[in-house]
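Here is the structure we will look at.
The values are calculated or read from the model by the stated rules, or taken from the named source; none is laboratory data. Since the model is a prediction, treat every value here as computed from it, not as a measurement. We place every Cβ from the backbone using ideal geometry, glycine too, and count neighbours over all the protein chains shown. Remember, those area values only see protein heavy atoms, side chains included, never the ligands or the DNA or RNA. Shrake-Rupley method; radii C 1.70, N 1.55, O 1.52, S 1.80 Å.
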Amino acid sequence: MAEILSLRDAVAQLVHDGDTVALEGFTHLIPHAAGQEIIRQRRKDLTLVRMTPDIVYDQLIGAGCARKLIFSWGGNPGVGSLHRFRDAVQNSWPVPLEIEEHSHAGMANRYVAGASGLPFAVLRGYSGTDLPNHTDTIKQITCPFTGEQLAAVPALNPDVSIIHAQRADRAGNVQIWGLVGVQKEAVLAARRSLATVEEIVDELEPVPGGIVLPSWAVTAVAEAPRGAHPSYAQGYYDRDNEYYEYWDSIGRNRDSFQAWVDEKVFGMEAAK
């Protein structure tokens with residue numbers, strides 16, 4: 001059953017140097033507070049996994065936490081490039097970064113295979129692209145029934161998956177609604193999982209279109225109000241579009257980024 005922990009204790013227990021770590025949330029409910037806590041605890045040599053890595057991974061990469069990124073599309077949504085990501089790939093700063101690029105469909109199917117206990121996923125995808133020439137984890141297979149050529153991609157089974165959700169109850173059941181992306185699949189595919197939530201309540205009230213991850217499927221829950229900011233949490237706060245524009249100026253050069261990390265991440269240690 002899920003254990004209720006502080007965010008600091010949850011990251012300390014669940015995220016280890018060298019782990020494969022997925023922080024999922026598609027536009028909505030991106031676990032920024034957890035990502036910054038990983039930086040604060042100075043984790044390193046991580047393989048980061050994410051559909052659409054945006055500024056949360058720019059921060060982790062710039063802080064030197066990552067040695068590899070498995071992803072589909074990367075950028076600052078609506079603004080432009082991820083400058084710390086680009087610097088790591090092009091200049092190996094602060095450390096070299098290996099990349100493994102997939103399509104959105106490929107990544108989603110990899111999570112589904114992992115959650116289903118299957119070794120790989122099969123899809124109609126990647127045709128007409130050069131990704132198979134650059135990504136070793138995309139293979140062509142022949143359907144044994146029709147002879148159709150299909151793409152196969154290996155299952156994703158992160159050491160730990162981290163998501164943000166609206167709320168959980170005191171038993172550790174986690175409730176999510178709105179745009180849920182692949183949060184459910186990422187949790188079910190992982191060996192360990194952490195759900196940060198806006199609030200912990202006595203009872204979960206049903207919400208139209210909502211899902212509940214049962215306590216037995218989640219390793220730990222941590223209360224982290226506004227833990228998805230600057231992304232949004234439906235029913236709690238809107239997306240902070242100005243922050244995404246602000247991040248472009250912070251991430252653009254090494255000095256401004258390091259000053260941000262020192263003040264906004266490591267500088268928060270005393271406040272915790």
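Only one of the numbered conditions (1) modelled with pLDDT of 95 or more; (2) over 19 Å from Ala34 (Cβ atoms) is violated by Trp73, and that is (1). Note on the stretch 236-266: residues that are open to solvent by less than 40 Å² (accessible area, probe 1.4 Å), of a type outside the set (A, V, I, L, M) and free of Cβ contacts under 8 Å to residues at least 12 places away in the same chain amount to 3.
Exactly one residue out of Ser103, Ser72 is without any contact (Cβ under 8 Å) to a residue 40 or more places away in the chain, open to solvent by 20 Å² or more (accessible area, probe 1.4 Å) and among the polar types (S, T, N, Q): that is Ser103. Taking the conditions exactly as written (surrounded by 20 or more Cβ atoms within 10 Å (Cβ to Cβ) and within 22 Å of Ile55 (Cα to Cα)), does Ala233 satisfy them or not? So Ala233 passes the test.
Results for (1) assigned to a loop (DSSP other than H, G, I, E, B); (2) hydroxyl-bearing (Ser, Thr, Tyr), shown as yes or no for each residue.
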site: Glu185; (1), (2): no, no
site: Glu198; (1), (2): no, no
site: Pro206; (1), (2): yes, no
site: Val221; (1), (2): no, no
site: Arg239; (1), (2): yes, no
site: Tyr246; (1), (2): no, yes
site: Gln258; (1), (2): no, no
site: Glu263; (1), (2): no, no
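If you check Thr52, Thr47 for being at pLDDT 95 or above, within 14 Å of the chain's Cα centre (by Cα), open to solvent by less than 40 Å² (accessible area, probe 1.4 Å) and more than 22 Å from Lys264 (Cα to Cα), only one passes: Thr47. Here is the figure for the stretch 42-53: residues that are within 20 Å of Ala228 (Cβ to Cβ) and in a strand (DSSP E or B) total 4.
Would you check if Gly227 is touching a Pro at 6+ places or on another chain (Cβ under 8 Å) and part of a loop (DSSP other than H, G, I, E, B)? Yes.
Hey, can you tell me all the residues within the stretch 1-41 that are buried (at least 24 other Cβ atoms within 10 Å of the Cβ) and part of a strand (DSSP E or B)? Within the stretch 1-41, Val21, Ala22, Leu23 qualify.
Candidates Ala217, Ala189, Ala195: the one that is open to solvent by less than 10 Å² (accessible area, probe 1.4 Å) and farther than 17 Å from Ile30 by Cβ is Ala189.
The residues of the stretch 142-186 that are small (Gly, Ala, Ser), closer than 17 Å to Ser215 by Cβ and surrounded by fewer than 21 Cβ atoms within 10 Å (Cβ to Cβ) amount to a single one, Ala171.
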